[in-house]
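The values are calculated or read from the model by the stated rules, or taken from the named source; none is laboratory data. Here the structure is a predicted model, which is why all the values come from computation and not from measurement. Note that each Cβ is placed from the backbone with ideal geometry, even for glycine, and that neighbours are counted across all protein chains shown. Keep in mind that these areas ignore ligands, DNA and RNA; they rest on the heavy atoms of the full protein, side chains included. Shrake-Rupley method; radii C 1.70, N 1.55, O 1.52, S 1.80 Å.
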Amino acid sequence: MFRAASKQQATVSEVPSRPELTLVRNEPPTETRQFLTRGTPAFRRATIGLFLSGFATFSLLYCVQPLMPIFSENFGVTPAASSLSLSLSTGFLAFAIFGAAAVSESLGRRSLMFISLLGAAICTLVCSVSPSWHMLLAVRALEGFLLGGVPAVAMTYLAEEIEPRGLGGAMGLYIAGNAFGGMAGRVVTGTIAEYLSWRPALATVGILGLIAAIGFLYLLPPSRNFTPRKGFDAGFHVKAWSGHFGNAALPLLFAIGFLVMGSFVTVYNYAGFRLVADPYDLNQTELGLIFTAYLFGIVASWAAGLLGDRIGHFIVLPIGVLIAALGAAVTLSSSLPLIILGIVLVTIGFFMAHSVASALVGRLADGFKGHASSLYLLAYYLGSSIAGSVGGYFWLADGWNAVVAFILVMLALCLASALAVARLARR
């Protein structure tokens, strides 16, 4: 089941660019590490368990997106206000990521992820019976905060427990769970809301989340290469985070995460308002099915990684941004097939740019790569939260044309950042 790794070299490492920062690694006191090896039952259980965690996280997080036009009508709020049902969740999740990483050092990886998934599923069930708009928003904010405990810890568990030669496949399955959950949550709520209402739609997603959380706890093996640590040195973490801003390329990658995610979420937030109105008059089932465009995104993410290895990540990154911009422009058409094509192109471009940018963060970070990734995730989810809501004001000002103008400005800034990162990296 397990394979012993080579003897550990050291438990302390220095960051060359910041010699005053010393990282004490949280590794077990033994001289060997026991990895989950590919092909064993334990490896399969771990990868399926983490797939379920990704599925539950993103289905619970994004299940409200196709319901925004319904929220706007039922609760008498503006489209911008209805977007808060998602923006508050992603905003609280962004900041929770920092605390979750520290809490997992003492509570444990598996326990924190299970508590997060269980709590978020219960929150979705509470939302389904919420009597008021403000209560729904408060519970969605809490749900986002709880979900911060999963993405912050899942990749750390993978890196600690999976043997290096099987890590790529395990990580790929986890990311596939993320994308599949994001798609499934939207399609399920859109379809059920069409035939029943938004309340049983959310209740169904909440029940699925509970089942996934229980399956995750049953399947995921306990950590073998992690020893809980007592205490929390806030000064150490602040120095580690701030040290990355001395690398000129990293803040630009953080900006790319903010801008590309903000553009992507804005498209999906307000396309629904356009397509349920005249002359398209799509019902909730038809609207939910548009989110199957995520299937193209799953393939694009995988292809972008392979293409980046062949022709260079600094070439693939701006190509992804340009494809997303082309897709946004195509949605200006009045033809429904062309609008859907535009949404597919935005999805492909987003997944290409995001997969390459997130990989470059780990590649360009000079030590403390976990802290660099958490900063990228903070910017990424803040982009979803802030831009996703700001886009509503453009919708109110001049409809879809204004929304697309806002998206294209963000993508132009994203392209400029991508080109700047490439120049800096070549120095």
* If each of residue 283 and residue 73 carries a label point 7 Å out from its Cα toward its Cβ, how far apart are those two points in nm? -> 1.2 nm
* Per-residue SASA entry for residue 183, accessible area with 1.4 Å probe, Å² rounded to 10 -> 20 Å²
* How would 199, 423, 274 rank on accessible area, largest to smallest, probe 1.4 Å? -> 423, 199, 274
* Structure fact -> Measure of exposure for residue 75: accessible area at 1.4 Å probe, Å² rounded to 10, is 50 Å²
* Asked: Cβ under 15 Å from residue 69's Cβ, residue 69 left aside: what net charge do those residues give with Lys, Arg +1 and Asp, Glu -1?
  -> -3
* Asked: In what order, largest first, do 371, 134 sit by accessible area if the probe radius is 1.4 Å?
  -> 134, 371
